[in-house]
Amino acid sequence: MLRMIGRTRLFAFSGVRSFFCPRNLCFSQAVEGMSFRNIQRVLCVAEKNDAARGIADILSNGRMRRREGFSKYNKIYECQYHLFGRNVTVVMTSVSGHLLTQDFKLPFRKWHSCNPLVLFDADIEKFCPENYMDIKRTLEREVQPCQALVIWTDCDREGENIGFEIIHVCKTVKPDLQVFRARFSEITPYAIRAACENLTQPDQNVSDAVDVRQELDLRIGAAFTRFQTLRLQKIFPDVLAEQLISYGSCQFPTLGFVVERFKAIEAFVAETFYKIKVTHEHEEGMVDFSWKRNRLFNHTACLVLYHMCMEDPVATVVDVGSKPKSKWRPLPLDTVELEKLASRKLRINAKETMKIAEKLYTQGYISYPRTETNIFPKNLHLPHLVELQTQDPQWGAFAQRILDQGGPTPRQGNKSDQAHPPIHPTKYGANLQGNDQRLYEFIVRHFLACCSRDAKGQETTVEIDIAKERFVAHGLMILERNYLEVYPYERWSDKVLPVYEQGSRFQPTRVEMVDGETCPPQLLTEADLISLMEKHGIGTDATHAEHIETIKSRMYVGLTPDQRFLPGHLGMGLVEGYDSMGYEMSKPDLRAELEADLKLICEGKKDKSIVLREQIQKYKQVFVEAVQKAKKLDEALSQYFGEVSPASEQEDIYPALPDPVRKCPQCDSDMVLKTKKNGGYFLSCMGYPTCKSAVWFPDSVLEVSKDGSVCGECSRPHPVHRLKLKFKPGSLPPLMPLEFVGCIGGCDETLREVLDLRYLQGPPRTSQWAGQQTDPLQVNHSSNHTGGRQTSHNLPLAGPRVPPARTAQNHPASLVNRGRNNNNEDNNAVVCNCGQEAVLLTVRKEGPNHGRQFYKCSAGTCGFFLWDNQPADDASGGVARGFAPLSGTLPGVDRRPARSWGKGPDPGGGGGDVVCRCDQLAATRTVQKEGPNKGRPFHTCSKPREQQCGFFQWADENLAPASSSFPSTPFAGEGSTRGLGSKAKRSDSDAALRPPTTKRARTCGLCHQPGHTRKTCPQSH
């Protein structure tokens, strides 16, 4: 039987424009120019595990081998199958819907990270979510030994896009992989084997349409949702403090339909009407005659006509007619009709209906449930599908009668998506339960009714005359019930009329004038709402249920006891607010235009980038104007939620739009000023966390703001804005103003050294670097106007780091009179940053500094720290070592390099006489990580991190005790020492640069005494 069906039914699909063609033609077009000689193993990927299992079961004739993948929900099935003209190993697995997701890059994902307007242009990335990584790993592992990939996802837009996600993951691992697409509408032996023989290529246009829709939904939805939620939560904190107030370009028009119907009911004014009713009581029953005028809204006119009838209330039969009448059988079932009829007839909502239908499809009981087609293709073998149902005790006899009376003759519609046939049963289901069984039964009965014949009857019409006013009665006699026998969801009843003869007269039992009132329209049912969405092009047949569920879950609408939609206060206020702005955002026009554009993308008639640009610009303009008129939204909602919160008017509801200072030299993203959580400022790259470039300002900087001027030296190729800086009193050297304007481009060494911007420091400026070129992505120009002169230097920006070390030059107060002499060490007191005398303490913790004395702030407020054994500068003349005079343009300031002072390590970050492998003076850092080496100084390469040579050396291992290194403050080396400490890696070549050291004796872990271990310690007993 299957072979016979196979010869008569050939179904193939190409892109969204499917067509019916011979198998060999379809296959040759799909694989033209491809070679299959080396294909021995094929990876097949379905959209869900149930589908993968069903397809593999068919291909293997029930003899597949199952094994586990990394995801416990997505199994792997193996079998042998004849494909590409040879026997190949088929490896069938699945994903779980979309494998990749679109989202904003991390800096824009947090709600308070940026102004919502930025989201229309913010960078978006596509990545695999963490919960799908196991599926991705399975694909990456399984594709490696395969030579071909066959996509078995659902044949609709979303399925095509999921297919390209699978292709992307697999081709990343194996670029030369051959890719094919299987087109099918049901998981039956014939359909699956036909798909294998008619493999095509994936359709990029269809996938592009989904990418466009996803990006637009993300940008538009996120921008408006943040705008609404952040504003209204502060405007109405008592009501909406915890409410997510979402927006969607399909969601809002759907809400608009509900609100529009509710407002129509509210605005409805009932009118009284009048009509004349005639009743004749006959021995065969009561007959009601209706007035041919139907009704009048003028009481006087109706009353006059009524009195005329009552003057001579004898009826004359003026016409008796009889004609055949038919009740049409239903059209083939598409998705929209399935959702509407299931809601009306079975009381199952659209979301649950589609969930059950998907399940029945993957189990092989019905064809693909997402289709816009209501025409059965001529080559679909309907007699076989009807024959499958003959075994059922309820409708089996009816199915057999269809076959006996010449076979199925379905009524045909006028819609076809050229992709899938109408929804129909594909196998008999006897073991289903609950709503699964109810929906399957409905689909079967609808299919059999469609394949049957119309119901037939005879309609009788009797027309009478009373005082020249005409009245009519209708009767019906059903002759053949036909499809009604199997389709109990529709009724057609007999209405018997007595026999009247034309020209006969009779006295009516009653002639009366009755009145009534016009009725308002009813609230929308789910079926009504789906009809409106389809009519106006809102969403697709696959997304109607999703949009309806969203407005319900957001509390925009509720349901009455009879399951009709009633708008809530929030939904009413939102629609009224936007309507008052002059934007019909609740109307379907904007979204309908997008749906039309998406269809053109699928057909290859419009470029995706053009659609994206046009739609983003359109919604962006609406957003800008909506924010400007936001008070209208407040006013609309205040009708339902009370007065606007007065505090909210004084608050900044949205984060400020980012005001870029310059471009990041690492990733070319904008760098903007931000504030640290504990106070202070830093310049951050908008590409964080992918790019960690940052400039951290020391705590001595009280204020930083962007100046209106642009640096003329550093603004190539991108502008670099100058900054206004304000410093703490006493934090700068004499003669330097506390407020000035400068540029951190690197051209002004004065500003660079004042701020200790080690992140911006380039290689040492020695003669051997003079001929070298700087990095083209360089830090921009800084101009200091305090001395009347400007200095400019091209300075490469170092790699990503966290806050730089703060050296003693940021704490000049701590070093005043710090120079000591050996005759009187106590003559000069050590003063902290607070201006108070520091307290002398001793290190008690075990480690290299055990017993060592140091100074710290007596109040513990300014963070001052200084080792007691720090020697004075041999040539300082009273200037403390570590307080380097600033090189720059300040008058009266000596511009001597810090490294020229003394023989010890350079307190400003240089390593004194220590040279790294680059033959450059090494920089000195201090370990900040908790551990035995915390606070210990070390030498490292002075170059930016990505250019460092790997040199490392402890500062206290190659110096005499009298010349120990100058310590950093507790904040020093926060960024540059990350990852270093007791476990810092050192290459073997460093050993040649270090003098031999004495191995430290092993001590007990409990009492810290040598000679025994923790297990044998006397204190442990």
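When residues in region 492-539 are screened for being closer than 23 Å to residue 476 by Cα, charged (D, E, K, R) and open to solvent by less than 40 Å² (accessible area, probe 1.4 Å), 0 of them pass. Picking from residues in region 251-286 that are in a helix (DSSP H, G or I) and of a type in the set (Lys, Arg), the one that is surrounded by the most Cβ atoms within 10 Å (Cβ to Cβ) is 261. Screening region 678-751 for strands (runs of 3 or more DSSP E) wholly inside it with 2 or more residues that are touching a residue at least 60 places away in the same chain (Cβ under 8 Å), open to solvent by less than 50 Å² (accessible area, probe 1.4 Å) and within 18 Å of residue 667 (Cβ to Cβ) returns the ranges 681-685, 694-696.
In the set (1) at pLDDT 90 or above; (2) of a type outside the set (S, T, N, Q); (3) over 29 Å from the mean Cα position of the chain (by Cα); (4) open to solvent by less than 80 Å² (accessible area, probe 1.4 Å), the condition left unmet by residue 75 is number (3). Counting only residues that are farther than 15 Å from residue 289 by Cα, in contact with a strand residue (DSSP E or B) (Cβ under 8 Å, 6 or more places away or on another chain), surrounded by 15 or more Cβ atoms within 10 Å (Cβ to Cβ) and touching a residue at least 40 places away in the same chain (Cβ under 8 Å), region 460-491 holds 3 of them.
On the stretch given as region 45-70, residues that are free of Cβ contacts under 8 Å to residues at least 60 places away in the same chain and outside any strand (DSSP E or B) total 10. Restricting attention to region 898-927 and to residues that are among the polar types (S, T, N, Q) and surrounded by fewer than 22 Cβ atoms within 10 Å (Cβ to Cβ), the residue that is modelled with the highest pLDDT turns out to be 920. Screening residue 386 against (1) farther than 16 Å from residue 436 by Cβ; (2) open to solvent by 20 Å² or more (accessible area, probe 1.4 Å); (3) in contact with a helix residue (DSSP H, G or I) (Cβ under 8 Å, 6 or more places away or on another chain) leaves a single unmet condition, (2).
Looking at this structure, is residue 175 free of Cβ contacts under 8 Å to residues at least 60 places away in the same chain and either of a type in the set (A, V, I, L, M, F, W, C) or touching a Gly at 6+ places or on another chain (Cβ under 8 Å) (or both)? Here the answer is no, as residue 175 does not meet what is asked. Would you check if there is a residue in region 316-329 being closer than 24 Å to residue 432 by Cβ, buried (at least 16 other Cβ atoms within 10 Å of the Cβ) and of a type outside the set (Lys, Arg)? There is no residue in region 316-329 that is closer than 24 Å to residue 432 by Cβ, buried (at least 16 other Cβ atoms within 10 Å of the Cβ) and of a type outside the set (Lys, Arg).
Return a yes/no flag: does region 346-359 have any residue that is touching a helix residue (DSSP H, G or I) at 6+ places or on another chain (Cβ under 7 Å), surrounded by fewer than 23 Cβ atoms within 10 Å (Cβ to Cβ) and of a type in the set (Ser, Thr, Tyr). No, the conditions are met nowhere in region 346-359.
Pairs meeting the criteria (first residue in region 347-370 and of a type in the set (Lys, Arg), second residue assigned to a helix (DSSP H, G or I) and surrounded by fewer than 22 Cβ atoms within 10 Å (Cβ to Cβ), beta carbons under 8 Å, at least 6 apart or on different chains) are 351/546; 351/549; 359/50; 359/436. Of all residues in region 121-157, those satisfying the criterion of being hydrophobic (A, V, I, L, M, F, W, C) and either at pLDDT below 90 or in a helix (DSSP H, G or I) (or both) are 122, 133, 135, 139, 143, 155. Listed by first and then second residue, the pairs with beta-carbon distance under 9 Å, at least 6 apart or on different chains, first residue in region 855-868 and at positive phi, second acidic (Asp, Glu) and assigned to a loop (DSSP other than H, G, I, E, B), are 863/699. Contact map, region 116-143: residues that are under 30 Å from residue 39 (Cα atoms) paired with residues that are part of a helix (DSSP H, G or I) and open to solvent by 10 Å² or more (accessible area, probe 1.4 Å), Cβ distance under 7 Å, separation 6+ or inter-chain. Pairs shown: 128/136; 140/173; 143/173. With respect to being hydrophobic (A, V, I, L, M, F, W, C), within 27 Å of residue 517 (Cβ to Cβ) and surrounded by fewer than 13 Cβ atoms within 10 Å (Cβ to Cβ), residue 289 falls outside the description. Restricting the search to helices (runs of 4 or more DSSP H) fully inside region 540-616 and requiring at least 1 residues that are modelled with pLDDT under 90, open to solvent by 30 Å² or more (accessible area, probe 1.4 Å) and closer than 21 Å to residue 633 by Cα gives 569-580, 589-602. For region 172-197, the set of residues classified as of a type in the set (Phe, Trp, Tyr) and open to solvent by 10 Å² or more (accessible area, probe 1.4 Å) consists of 190 only. If you go through region 123-147 and keep only what is within 20 Å of residue 202 (Cα to Cα) and out of contact with any Cys (no Cβ under 9 Å at 6 or more places or on another chain), you end up with 126, 147.
The values are calculated or read from the model by the stated rules, or taken from the named source; none is laboratory data. These numbers come from a predicted model, not from an experiment. Because the Cβ atoms are built from the backbone with ideal geometry, glycine has one as well, and the counts that use them run over all protein chains shown. Just so you know, the surface numbers come from the protein's heavy atoms only, side chains and all, with ligands and any DNA or RNA stripped out. Shrake-Rupley method; radii C 1.70, N 1.55, O 1.52, S 1.80 Å.
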